[in-house]
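The values are calculated or read from the model by the stated rules, or taken from the named source; none is laboratory data. Here the structure is a predicted model, which is why all the values come from computation and not from measurement. All Cβ positions, even for glycine, are placed from backbone atoms using ideal geometry, and neighbour counts span all protein chains on display. Note: accessible area is taken over every heavy atom of the protein model, side chains too, but ligands, DNA and RNA are not part of it. Shrake-Rupley method; radii C 1.70, N 1.55, O 1.52, S 1.80 Å.
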Amino acid sequence: MILAIPSPLGVALGIAAAAAYGFAAAAGARLSRQATQWALGLAWLLHAAVLGHGLVGHEPRFGFAPALSVTAWLVLTVYAVESRMYPQLQVRRVLAWLGAAAVLLAILFPGTPLHVSASPWLPLHLALGIASYGLFAAAVVHAWLTTRAEKQIRLAAEPQGGVPLLTLERLTFRFVTAGFVLLSATLLAGLLFSEQLYGAAGRAWKWDHKSAFSVLAWISFAVLLIGRARFGWRGRTARRVLYAGSALLLLAYVGSRFVLEVVLARPPA
């Protein structure tokens, strides 16, 4: 989310990360599980190097593609941890392709510089928002895995040692809960301290598209968690609410910035 103007080194690291992701995805079916894990781990490290390079000695930048890149990296981080506990998870190739696409997109659309008078706390505020993106993205991945597992059960297909349904469902709601906490903190900080965060830019809270979609997403996730706690929501109903809230959250920042940066080709106000 916060990247510098693409330097030759940054572009080279990005291309290397995308190539490593692509190799892990394309060759995953022919390699052993351990070899695929090593390839994906190398791609993850190169991706981290791309993000780290943008934070050291350069002007911080902000945009929809870097936000997606950090989100993808966070989801892969979650997978790296979970795969140690649940080696049955079989989403390596999908996540590898998503990682490659996110890195290349961030090279093409590096975002716009942060306002020079912005508070030093602004990057932390933005990091909280992107962290919530990553957690909700992880929840969506687990919800998709739950749908796939249910379909295999209905078709009487071999589960191939997959993670049990109840475990996937429990993990999904853990990510939703953690993401909801971070999203709440992000919105509260924006509501109470917006002018301080943006410094002389003086941008107080205002009801624009980003704010409206963010609040609608927050309401969707709140309804989901209440429905889960009070009415035992699960299965298709819970997933639909999760997908709807995640789509609204995606539109809130990534969607609005995409329109400004790509469609209208102008920096945000």
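So is S7 at pLDDT below 90 and under 30 Å from T167 (Cβ atoms) or not?
no
When the residues of the stretch 15-69 are narrowed to those that are outside any strand (DSSP E or B) and among the charged types (D, E, K, R), which ends up modelled with the lowest pLDDT?
The selected residue is E59.
Any residue that is under 24 Å from P66 (Cα atoms), surrounded by 18 or more Cβ atoms within 10 Å (Cβ to Cβ) and modelled with pLDDT of 90 or more - is there at least one of those in the stretch 193-213?
yes
Every residue, every condition in (1) at pLDDT 85 or above; (2) open to solvent by less than 50 Å² (accessible area, probe 1.4 Å); (3) within 29 Å of G52 (Cα to Cα); (4) assigned to a helix (DSSP H, G or I), yes or no:
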site: V94; (1), (2), (3), (4): yes, no, yes, yes
site: S117; (1), (2), (3), (4): no, yes, yes, no
site: H125; (1), (2), (3), (4): no, yes, yes, yes
site: I130; (1), (2), (3), (4): yes, yes, yes, yes
site: A137; (1), (2), (3), (4): yes, yes, yes, yes
site: L145; (1), (2), (3), (4): yes, yes, no, yes
site: Q160; (1), (2), (3), (4): no, no, no, no
site: R170; (1), (2), (3), (4): yes, no, no, yes
site: T177; (1), (2), (3), (4): yes, no, yes, yes
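Return the pairs, sorted by first residue and then second, in which the second residue is open to solvent by 90 Å² or more (accessible area, probe 1.4 Å) and at pLDDT below 90, the first residue lies in the stretch 153-179 and is closer than 19 Å to S132 by Cα, the beta carbons are less than 7 Å apart, and the residues are 6+ apart or on different chains.
E169/R234
Taking into account only those residues within the stretch 214-238 that are open to solvent by less than 30 Å² (accessible area, probe 1.4 Å) and more than 21 Å from the chain's Cα centre (by Cα), which is modelled with the highest pLDDT?
G227
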